[in-house]
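Remarks on the structure that follows.
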């Protein structure tokens, strides 16, 4: 997770799954390359099936598992917006910013290490409750940094007037 913009009136946090995307694309290229080599060496059926199935299943995995998430907190428009984008789909969910109470970090306990995700707590409106920023839990301190940024930003009070002139 990365804090891409942090100003008193606007906070934007991005989660881009570059490692997962790069690994999946690499795997697809290896399988498709093997299929093309097999095809060019004379085993037409096996090569073609490897390219089609390997590329198709790999593409499906990319479409399912590579998901960009973005959180926008905007004081000027009094809005909280969660944006999610996959290869084929883009969604936006908007809430009133006044309903955002805080951000918390959820932890999943594992055998070897714990993983985390940031979750937003909404206290008003039809969608009151907990709303995870990402569907997956990840290792590292990204979720904690993002939650700290949200809570710090919420603690700031907006300035109602311009500073005094001398």
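Okay, here's what the table says:
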{"quantity": "Residue in the stretch 121-143 that is modelled with pLDDT of 95 or more, out of contact with any strand residue (DSSP E or B) (no Cβ under 6 Å at 6 or more places or on another chain) and closer than 17 Å to residue 5 by Cα present", "calculated": "no"}
{"quantity": "The one condition in (1) closer than 28 Å to residue 138 by Cβ; (2) in contact with a helix residue (DSSP H, G or I) (Cβ under 9 Å, 6 or more places away or on another chain); (3) surrounded by 14 or more Cβ atoms within 10 Å (Cβ to Cβ) that residue 57 fails to fulfil", "calculated": "(3)"}
{"quantity": "Single match in 29, 24 (criterion: in contact (Cβ under 8 Å) with a residue 40 or more places away in the chain, out of contact with any strand residue (DSSP E or B) (no Cβ under 9 Å at 6 or more places or on another chain) and outside the structural domain of residue 141 (by TED's automatic domain parsing))", "calculated": "24"}
{"quantity": "The lone exception for residue 43 - which of (1) surrounded by 12 or more Cβ atoms within 10 Å (Cβ to Cβ); (2) more than 30 Å from residue 122 (Cα to Cα); (3) in contact with a helix residue (DSSP H, G or I) (Cβ under 8 Å, 6 or more places away or on another chain) it fails", "calculated": "(3)"}
{"quantity": "Strands (runs of 3 or more DSSP E) wholly inside the stretch 78-123 containing at least 3 residues that are loosely packed, with under 14 Cβ neighbours inside 10 Å", "calculated": "90-96"}
{"quantity": "Selected residue (criterion: farthest from residue 137 (Cα to Cα)) from residues of the stretch 9-27 that are surrounded by 17 or more Cβ atoms within 10 Å (Cβ to Cβ) and modelled with pLDDT of 90 or more", "calculated": "11"}
{"quantity": "Among the candidates 23, 3, residue that is assigned to a helix (DSSP H, G or I) and either within 26 Å of residue 135 (Cβ to Cβ) or within 13 Å of the chain's Cα centre (by Cα) (or both)", "calculated": "23"}
{"quantity": "Subset of the stretch 79-90 [over 16 Å from residue 127 (Cα atoms) and over 9 Å from the mean Cα position of the chain (by Cα)]", "calculated": "86, 87, 88, 89, 90"}
{"quantity": "Of all residues making up the stretch 61-77, the number that are in a loop (DSSP other than H, G, I, E, B) and touching a residue at least 60 places away in the same chain (Cβ under 8 Å)", "calculated": "3"}
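The values are calculated or read from the model by the stated rules, or taken from the named source; none is laboratory data. This is a predicted model, so every value here is computed, not measured. Note: ideal-geometry Cβ built from the backbone for every residue, glycine included; neighbour counts use all protein chains shown.
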